[in-house]
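One structure is given here, and the rest of the page talks about it.
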Amino acid sequence: MRSADFHNQISPGCAKSKRTAGSVNMNSSLLQNVSFVRPEYFYISGFSGIPFVKYYFIFLFVTYFIAVFGNSFVLIMIMTDRSLHVPKYMAIFNLALADFGETNALIPNLIKTFLFDSQYISYNACLANMFFVFFFISVQSLTLVVLAYDRYIAIRLPLRYHAIVNNSLMSAALMAVWSFSTLVVTMMVSLITRLSFCKTNEVKSYFCDHGPIYTTACNDNTVNSVMAKLWTVLFIYGPLIAVTVSYIGIFIELTKITTWEGRLKALKTCFSHMFLVGIFLFPILSTYIAALTFTLHPNARIINTSLSSAIPPMVNPIIYVLNTKEFKDFIVRMLKRRSKVMVHVLANETNL
């Protein structure tokens, strides 16, 4: 139902609460219970009114296909090649898994909206969608921090790297990432259930976004506002500061290397990670800064944030496959193995 229909549906309840408020014998807590409204559906209106939006949906479908295929390839490659069962690739596996999860939590709903012209989502499905999108974004962000300090220790203490960063330490760090993300996002989403929506069920975003939902509530949403700011600090600003500090340390260590060739060789191991940080954090950060400094058109915000969610999962596996020697070696070995099998099959057919 659209927001106007929703308002018409609940107006008897609102009128009832007004009549109840006129009674001097009715206490405030009972009034709140009478006027509490939880919608059956939300209406996602994010891409309404955007010119040529069907071409954008086609673009999202292409990014979805590349992201799913690319991240699946990275996951399978790391699982099957025992030489990649090392701390760095455990973190890359974790990042690819988060990218795969976020892509499937976000884009299929958008494609469904385009194909079936259905912008309605049930209340419980909306909360589930909110949880998984924010959860996988949180995991991505913290995993980039783990990778940043992995690179810092590799450059700062190269001879002791394998003694310090081992599989046990990386497993504990990644388990902490998943546990902490689960705790914070669960709290943030569960607090939505205490809100009453007696004005509108329209969500002015491209998914069940936390901010556009809690700000439309009729009752006090102070706690939700605090949780939104806390999530931003913990998973956007905090990781950005942590990654920046780690790279300051890396650049300081590079100044201690006497030759430019040695510095470039050491820095080359960080190029992939720097690309990932750039395409993940800076589009989101630019949207926040733009919203604070001047009035940002809702369509511009929606397009920018949707791109910042869709592009990194697509680009991440491409960057690692093209810029990592181990991945390229794995692909070469796989192609050689397949060519040998083909030669063997052709030889048997010739003999027959």
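The values are calculated or read from the model by the stated rules, or taken from the named source; none is laboratory data. It should be emphasised that the depicted structure is a prediction, and the values quoted were computed from it without experimental measurement. Virtual Cβ from ideal backbone geometry, glycine too; neighbours counted across all protein chains shown. What goes into the accessible areas is simple: the full protein's heavy atoms, side chains included, and nothing from ligands, DNA or RNA. Shrake-Rupley method; radii C 1.70, N 1.55, O 1.52, S 1.80 Å.
A few notes on this one:
- List 260, 178, 231, ordered by accessible area with a 1.4 Å probe, largest first: 260, 178, 231
- Between the beta carbons of residue 69 and residue 112, assuming R0 = 22 Å, the FRET efficiency works out to 0.65 to the nearest 0.05.
- Each of 245, 53 has its accessible area taken with a 1.4 Å probe; listed largest first, they run 245, 53.
- Between residue 62 and residue 255, full extension at 0.36 nm per residue minus the direct alpha carbon distance yields a gain of 65.2 nm.
- Efficiency of FRET between residue 81 and residue 161 - r from beta-carbon atoms, R0 35 angstrom, step 0.05: 0.95
- Extension gain, residue 226 back to residue 50 (0.36 nm per residue minus Cα-Cα distance, nm): 60.2 nm
- Dipole of the stretch 27-173, positive end: most advanced residue of 53, 163, 87 [Cβ charges, Cα centre]: 163
- In the stretch 117-216, one over the average inverse separation of all distinct C-alpha pairs is 16.1 Å, which is the Kirkwood hydrodynamic radius.
- The share of alpha-carbon pairs in the stretch 35-148 lying farther apart than 23 Å comes to 44%.
- Paramagnetic reach from residue 299 in the stretch 46-75 [backbone N under 15 Å; point 7 Å along Cα→Cβ]: 46-57
- A 1.4 Å probe over all protein chains sorts 218, 198 by accessible area into 218, 198, starting with the largest.
- Furthest towards positive pole of dipole, 270, 242, 258, structure part the stretch 193-271, Cβ charges: 258
- Take residue 43: with every protein chain present and a 1.4 Å probe, its accessible area is about 20 Å².
- Overall Cα dimensions of the stretch 194-307, principal axis frame, Å, largest first: 67, 27, 23
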